[in-house]
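Coordinate-derived values only; no laboratory data. All of these numbers come straight from a predicted model, not from anything done at the bench. Cβ atoms come from the backbone with ideal geometry, glycine included; neighbour counts cover every protein chain shown.
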Amino acid sequence: MFKKTPKNPQIDLLSSARQHLDTRRLTLLNDPTGWHNSFYHEIFIHIDEEIFRPIYHERMGAPNAPVNRLVAMMILKDAMGLSDQRLFEACRFHLLFRQALGLANLNDPIPTESTYYSFRSEIEAYEREYEVDLFGKVFAGITADQVIRFSISGKQVRMDSKLIGSNIAFYSRFELVHATMMRFCAELDKQARTRMSKAVAARMVELATEKASSVAYHANAEQIQDRLGELGKLTGQLLAWYSAKDTEQYELLERMFNEQFVVEKNANTKDDSHSDSPDDSNSPGGVTPRPSGEIRSDSLQSPHDADCTYRTKAGKKTKGYTVNVTETVGETNAVNLITDIQLAPAHHGDNDFVEPAISATQQLTEKQVETCYADGAYNQSLEHEQRENLEHVEMVLGGIQGAPSRYELAETETGVQVTDTQTGQVHQAKRTRPRISDTEPQWRIRLENGYYRTFGPVALRASLQRAKLRDDSYLERTRNRNNVEATIFHLSHRLRQAKTVYRGKIRTKLWAWGRALWVNMRRIQRYMESEVKFEVQMAS
């Protein structure tokens, strides 16, 4: 049952920590610019508990533990990079942590471990069912208040992204198939296991006792292919004998099977992929491993994290997620704050973050974004400038992906002018008649050999962007993006080897929201420290 926490807790004179501290320590505890007091005033007291009302029953159950305290503990855990054990120790015995959580008395209790874990689970379950990001609402509410109090302009923003690894092992293909099968079988109850044939049941017991990494290490490529074929055959049989009603792992096993294997059907034979015997894997109509080149980057990477995907960036392989950070930028701002976090599986392109990030920032700051600074990875976002809801946003990019084209395009009063950079010849392109009514405009030129070369809006935008990058005044503007890299560092510097301690998109997103709130709080704290020093200097 939901119950809001009283805003003004009672202070017990006998158990108050302040009664037992000397002057020096009491001064530090009450320092308004200390991180603990900044956290309390910038985050804790602004947590809207009403946001979490839907995860509680309206009438049944005991009253909930203080929601603002549970949320604040989750933020502090990721802010400090603490384990759960260290978090609870600090909240019970560390005066600064207790001050940050509004625990004025030494005998004030904190939520128990079971309550804390249950709260996290309920948040995750609620988002999976209703697709509502509760922690995102907390961030938006707190940051919107900070934007108003510090008169922060959101007319200019900058953004950047970073790949974040999931807390999973880097499985080989054989290990992935093996681990997914073993997890599926482990979830089956005794009655369900009786549906397996004796031969398959015996083979599954053998597979459970072997270490997949050892098999992959000692076997050659041909042997691995044979073993994969066997596992594919067994997986096909398991999918035929069971359904999603037997275990939640069924859908994951089915996804893995469809991504990793091909069922070869022969017109003259029945499909025996679900045969009772595991020794029929080489028969016509059997199951064979899908060619590696056909496996997509958004395929399953681990049975322990079904959301993460694969991506290679700058030669670095990552199985996890990409997090996109948007923050304000402006010389008139007393402090620049993170206004939005977007998190998606690793294969997600950076340009896909632009529209939702800018929309979220505009909603939070209640101002239209006029300029967005980003790097060359967002070059396809130039297309967003043509959309009705973002046509007011100028994308200032510090680069552009891909090799320069031989032809440079420029817009003139008479249309599109094309310059051949190799010969220096200038062509006046002619606009072609689209074959379909909704096709974007295209232009073409006739080459010396008689052939035609056609250019579309993408080529035109890319050429115009390259021309901008040759302009010194434009390059000077792109420098406004640079500091966002420091924000990315601050957001992720608690990570070990660029991996979180979490698995799953929702849990990783909770981490990102907590880190963003902490980064904003620390920036405000430093600003307030500078203001205090300035006032002291003026007074002296």
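Below are the figures for this structure:
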item: Count - residues of region 211-257 that are of a type in the set (Ser, Thr, Tyr) and surrounded by fewer than 18 Cβ atoms within 10 Å (Cβ to Cβ); result: 4
item: When residues of region 392-448 are limited to those that are outside any strand (DSSP E or B), of a type in the set (A, V, I, L, M) and under 30 Å from ASN483 (Cα atoms), the one farthest from the chain's Cα centre (by Cα); result: ALA403
item: Some residue of region 73-91 being of a type in the set (Phe, Trp, Tyr) and touching a Leu at 6+ places or on another chain (Cβ under 8 Å); result: no
item: Region 175-210, residues that are within 14 Å of LEU238 (Cα to Cα) and among the small types (Gly, Ala, Ser); result: ALA186, ALA192, SER197, ALA199, ALA201, ALA202
